[in-house]
Amino acid sequence: MPSDQTILQFRGVTVRYGRRDALRDVSFAIPCGESTAILGPNGAGKSTLLRAVLGWQPIAAGEILVGDAHAHHARPRLAYVPQRHAVDWDFPITVRGVVEQGRYPSLGLFRRRGPADRALVQAALEELGIADLAARQIRMLSGGQQQRVFLARAVAQGGDIFLLDEPFAGLDLFGTEELTHILANWKAQGRTVVAAVHDLALARSGFGQGVLLDTGLVAAGPIAEVLSEANVDRAYRQGRCVHGGAAGEVRP
Amino acid sequence: MSLHDLLVAPFAYEFMRRGLLAAALLGVSGGLLGCVLVLRRLALMGDALSHSLLPGIAAAWLLFGTSTTALFFGGLVAGLLTALGSALLSRLTRVKEDAAFGSLFIVFFGAGVALISKLPTRISLADFLFGNVLGVGPDGLLLAAVVCAVTVAAFVIFFRSILLETFDPVFHRATGGRGGLVHMAFLTLTVLNLVAAMQTMGVVLSLGLFLLPAVSAYLWCDRFRSMLVLSVVLAVAGSWVGILLSFHAGLASGAAVVLCLGAVFLASVLLSPKYGALAALRRGHRPRRFT
């Protein structure tokens, strides 16, 4: 149920790696309960933006608001799904073990898992349809099931804002359809989804809102407007043409 | 020789009681650390680290003689310089961490060999290279107890951080974890354990006490916690049997422990029903996947 209410707001945010700007003076607002694709060419700041929200990348200027709180006070509302390829699938851990990790941030170092935590983990397993696989080692899963384990971990975190870093990377056709379906379900439940997306066609079909970056902000708003010919041209080609058309030259 | 002679009689000697106790303590902490080394693919780095202790130990020997404290701090400084130095190099230059580590440790090892050739006596130094359970004095036992306590405490207190940092460092950092800190603390713990183990195991072989039980447990377990427990059990059992073997057969204790643990590793690699080589051959070479 999309609403007009803003849930995530960037106000003049700049992030630097050393002397290089990774995000420059970026301002936009993301509406509550919508699915938003973060778009842009490689190195445009898509992952940096997610890291800045999570408070893992310090910001040099500006502020990020979640609801009306500063992002670092709102961490319990944020659930994160990293890129998949980093994980060792031979790790001695079961499906349930991975999903339980979603509870670690709120448990801290010492607090024992209570019945409430167990219920959240079980609910997450059931929601993603992997409850019957809970005792399996994670190598013994199909690619789509592996993806759902990490989505379930994010659900178990108990947040209402989901940040996904390139969730479609490396998925086959079936996996892509499955993930699109899950994200649509989340949206229907009023969850806010913010995902870094590489594929413009996928963004057009699967997301309602878009934020187009090229270090600075190119456009933000409804996906169809954001991905207009002119905006895409600005972000990805900067007026250049690979076929040597109007400009007639390919600058580095 | 009766069973009594084989298993109980050696304990009549004070030095054997001390040696066995030290080995058991180091088995506990080494078994824990080894799991993280194996799962983070740091096995070879641990090997390099163990060799890099040599110049510190040799220098301490030259300067202060054979005091346990001096040798401990000598090894500690050399190990930390290698570990933290290569982490720093890889961050500041284009050299990657493995190359930085490889370069630093071999220079350190070379310096160690050079220093050793300057030592007046080489006989007791052999103990530090290959381990001598007879050499564990009250100091050495105390050192093993302290290092074991620190390691176990770290694993109990930071269990969740260690699991997350080992399994999924990106998620760990994204949920507010201090990844770099955990990594540095882990390297420091590894150096501490290597230094503490050098008296029973020797500098060159001490890594075996960490690595072999962990990699054996890895072949049997599907849960991190059970891997830790099995690794500790194997490390303690293996080092006890090894030290008894070294007592009866007159072998260097480090070598005897490594050979015992090596037998466990070999058995695991062959026989593990899920992940062993024989099971893989029976399936026709296919790695195990989902069904």
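Read-outs: derived from the displayed coordinates by stated rules, not from any lab. In this text the structure is predicted, and so the values were computed from the model without any measurement. Reconstructed Cβ throughout: ideal geometry from the backbone, glycine too, with neighbour counts over all protein chains shown.
Partner shielding of A:148-155 amounts to 1, given as the average count of beta-carbon atoms from other chains within 10 Å of each residue beta-carbon. Take B:244-255, A:224-235 and order them by the average number of nearby Cβ atoms within 10 Å per residue, most first; the result is B:244-255, A:224-235. Beta bridges assigned by DSSP with both partners in the protein assembly as shown are antiparallel in approximately 55 percent of cases.
Just checking the listed ones, A:Val193, A:Val13, A:Val87: in the Gaussian network model of chain A with Cα springs under 10 Å, the one fluctuating most is A:Val87.
In plain terms, the bigger the Kirkwood radius, the slower the diffusion; for the range B:3-282, with that radius from Cα pairs, at 25 °C and 0.890 mPa s, Stokes-Einstein puts D at 128 µm²/s. For chain B, averaging the sequence separation of C-alpha pairs within contact (under 8 Å, six or more residues apart) and dividing by the residue count gives a relative contact order of 28 percent. DSSP bridge analysis restricted to chain A gives an antiparallel fraction near 55%, rounded to the nearest 5. Computed from Cα atoms, the angle from the helix A:143-156 axis to the main principal axis of chain A rounds to 80 degrees. Estimated from the Cβ-Cβ distance and a Förster radius of 22 angstrom, the FRET efficiency linking B:Leu21 and B:Ala153 is about 0.70. Applying a DSSP loop filter and a limit of 13 other Cβ atoms within 10 Å to the trypsin sites (Lys or Arg not before Pro) in the range A:2-92 leaves A:Arg19.
In loop segments of the range B:9-113 as defined by DSSP, the trypsin sites (Lys or Arg not before Pro) with at most 15 further C-beta atoms inside 10 Å of their C-beta are B:Arg41, B:Arg94, B:Lys96. Inter-chain Cβ neighbour count for A:92-99, averaged per residue, equals 5 (cutoff 10 Å, partner chain atoms only). Partner shielding of A:71-82 amounts to 2, given as the average count of beta-carbon atoms from other chains within 10 Å of each residue beta-carbon. A straight Cα-to-Cα reach below 19 Å connects B:Lys118 with the aspartates and glutamates B:Asp127, residues fewer than 8 places away in its own chain not being considered.
Each listed q (0.05, 0.07 Å⁻¹) maps to a log10 I(q)/I(0) for the protein assembly as shown, found by the Debye formula over equal Cα scatterers with no solvent: -0.27, -0.51. For chymotrypsin sites (Phe, Trp or Tyr not before Pro), the sites in the range A:92-200 that DSSP calls loop and that have at most 11 other Cβ atoms within 10 Å are A:Phe110. For the options B:Leu81, B:Leu119, B:Leu141, a Gaussian network treatment of chain B with springs between C-alpha atoms closer than 10 Å singles out B:Leu119 as fluctuating the most. Shown here: the range B:205-291, whose C-alpha atoms stretch 50, 27, 17 Å along the first, second and third principal axes, sorted largest to smallest.
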